1. Would you check if there is a residue in the range B:102-125 being over 16 Å from the mean Cα position of the chain (by Cα), more than 16 Å from B:PRO165 (Cα to Cα) and at pLDDT 85 or above?
2. Take the residues in the range A:69-88 that are farther than 25 Å from A:ASP194 by Cβ and not basic (Lys, Arg); name whichever of them is nearest to the other protein chains (Cβ to nearest Cβ).
3. Out of everything in the range B:15-26 that is under 21 Å from B:VAL125 (Cβ atoms) and within 10 Å of chain A (Cβ to nearest Cβ), what residue ends up being surrounded by the fewest Cβ atoms within 10 Å (Cβ to Cβ)?
4. Report, by residue number, each residue of the range A:180-197 that is of a type in the set (Gly, Ala, Ser), touching a residue at least 60 places away in the same chain (Cβ under 8 Å) and under 15 Å from A:TYR168 (Cα atoms).
5. Given the conditions (1) crowded, with 21+ Cβ neighbours inside 10 Å; (2) within 14 Å of chain A (Cβ to nearest Cβ), which single one is not true for B:PRO31?
6. Conditions: (1) over 15 Å from the mean Cα position of the chain (by Cα); (2) surrounded by 17 or more Cβ atoms within 10 Å (Cβ to Cβ); (3) within 13 Å of chain A (Cβ to nearest Cβ). B:LEU4 meets all but one. Number of the miss?
7. Among the residues of the range A:101-116, is there at least one that is surrounded by fewer than 20 Cβ atoms within 10 Å (Cβ to Cβ) and within 14 Å of chain B (Cβ to nearest Cβ)?
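The values are calculated or read from the model by the stated rules, or taken from the named source; none is laboratory data. Note that the coordinates shown come from a computational prediction; the quantities given were computed from them, not determined experimentally. Cβ placement follows ideal geometry from the backbone for every residue including glycine, while neighbour counts extend to all protein chains displayed.
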Amino acid sequence: MTIKIRLSTIPHVLADDELPFVLGFAPDPRTCLEAGGGEYRRGIDRVSVSWKLEPLYLRATILNSGGSTHIIASSGPILNDWWPLLRREGGNPTRPLLSAAVAGRPQTFKRDDVAIDISIVPPGPLFESTSAIVGIERADGLSDDSLLFAHAISLSVIKAALVVLEEYRTLVDPAPELDVSADGTSLPLSVVLDSAHAAAGAIDWTHSVS
Amino acid sequence: MPPLKFLLQTAHSPVGVVERPSPGLIYSHTPWYTEVALELTGTDAIALLYILPKDDESSLLAACLDQAFEPFFRLLTGDDYGDAVTSLTARHWPEVYSMLLRSNKVPARERVLCNVATPGRVQWVVADHLVAPQLESIRHERLLDLIGTSARTLLRASNFAIELPGVIEVLGGPDGFTRRLNAVTGLLGATSSIGAALDGGVVADEVFGLAQAALDAVTNVQAIREEM
């Protein structure tokens, strides 16, 4: 079956700066275009995709910025204060993705014959949170073609953002008894990290350490 | 910031970014604090200390007693007998009295006995003030000295009926003492709170044995150093 994702048919319901945390814990009540198992919603310069993985939702954003198009999955602000320490550490084999991020090296995620180089970037002027990002080359903004490409690979970026959360756990295991806010509710940090682990395990893209 | 772990443990799992500057010493750096784990030679105890950022230029080097000091502190501040218990403390435990007194001074520069607020709890700490350059190279002797003072304070406050001369009479003889002691410990469940702060499955009863072993180990090291 051919999947069709036309930008013009995606409901414009996103806020201007909306960049959701990779994990959703409640359904998004806003209207959407359902295509190929994903829910699509758009804003001025972005389109969000949400994949249902009961009881979770896995979310990424296709963002058009300055003529470039990127697929982004946010690991949230949980690591923001850790970056100075991670840079000081330099690298650690128990945290390959974060170590690569400190070194500025993209990491390859594969499924079947497809390989995608994904960068993990710390919070900065562009994004407030640690994010997994891949650029779409030769994309013509938010075109139907770039959305179709994003549809095919967005789960690889989502997986990278989830693996970052798994690696975060190596820093705080056992997770402190703290609550974090997500989707307007408050959840124990350990529940969020357990969910990230379960979701990462359910995605068949694999990360090969380099 | 997660709650601080109790000073003495029998097992330790480093968290955060780990650094091992010398054998038996582990620094675990987190955005909230640096946890310092020191194996106490000749004992089963691992002492945990914390470097807590205070402001841009200074930090606290702290040993956590969790709520173990709280019952005794309540006696110190009791309406009709607090002054007398305080007077006994000043006379017989000048170290504890001075630390409490200094904790009210701003800025405090010497060792203090005070409490810090962590999520969901208020924890007692014995703490030294550090200026920024000291952070890079805290002397081993300083760690041991703080551990010794903290273990001694724990043992005294937890066993004050025997350790503090005259306290039973001040609290109204055996009947009054028992009643007041039940009131403060019943409110707090102090011993169980210590157990909750332990990391290695240690039962609360073991804590005091660990504290005595830690105090002996620290005292021995200090005595050997003084002889050299």
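1. Going residue by residue through the range B:102-125, those that are over 16 Å from the mean Cα position of the chain (by Cα) are B:104-109, B:119-120.
Applying the additional criterion that residues be more than 16 Å from B:PRO165 (Cα to Cα) yields B:104-109, B:119-120.
Next, only the ones that are at pLDDT 85 or above stay: none.
No, the range B:102-125 has no match at all.
2. Per the criteria, the residue is A:PRO84.
3. As a first pass, look at the range B:15-26 and keep what is under 21 Å from B:VAL125 (Cβ atoms): B:15-16, B:25-26.
When the remaining residues are screened for being within 10 Å of chain A (Cβ to nearest Cβ), the result is B:15-16.
Numbers: B:VAL15: 19, B:GLY16: 21.
So the residue we want is B:VAL15.
4. Initial filter on the range A:180-197 (of a type in the set (Gly, Ala, Ser)): A:181-182, A:184, A:186, A:190, A:195-196.
Those left that are additionally touching a residue at least 60 places away in the same chain (Cβ under 8 Å): A:182, A:184, A:195-196.
Passing the criteria: A:SER195, A:ALA196.
5. In the conditions (1) crowded, with 21+ Cβ neighbours inside 10 Å; (2) within 14 Å of chain A (Cβ to nearest Cβ), B:PRO31 misses (1) alone.
6. The number of the failed condition is (1).
7. The answer is yes; a qualifying residue exists.
To keep it simple, each residue is scored yes or no on (1) within 25 Å of B:GLY24 (Cβ to Cβ); (2) not in a helix (DSSP H, G or I).
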{"residue": "B:ALA90", "(1), (2)": "no, no"}
{"residue": "B:TYR97", "(1), (2)": "no, no"}
{"residue": "B:LYS105", "(1), (2)": "no, yes"}
{"residue": "B:ARG109", "(1), (2)": "no, yes"}
{"residue": "B:ASN115", "(1), (2)": "no, yes"}
{"residue": "B:VAL122", "(1), (2)": "no, yes"}
{"residue": "B:LEU143", "(1), (2)": "yes, no"}
{"residue": "B:SER150", "(1), (2)": "yes, no"}
{"residue": "B:LEU155", "(1), (2)": "yes, no"}
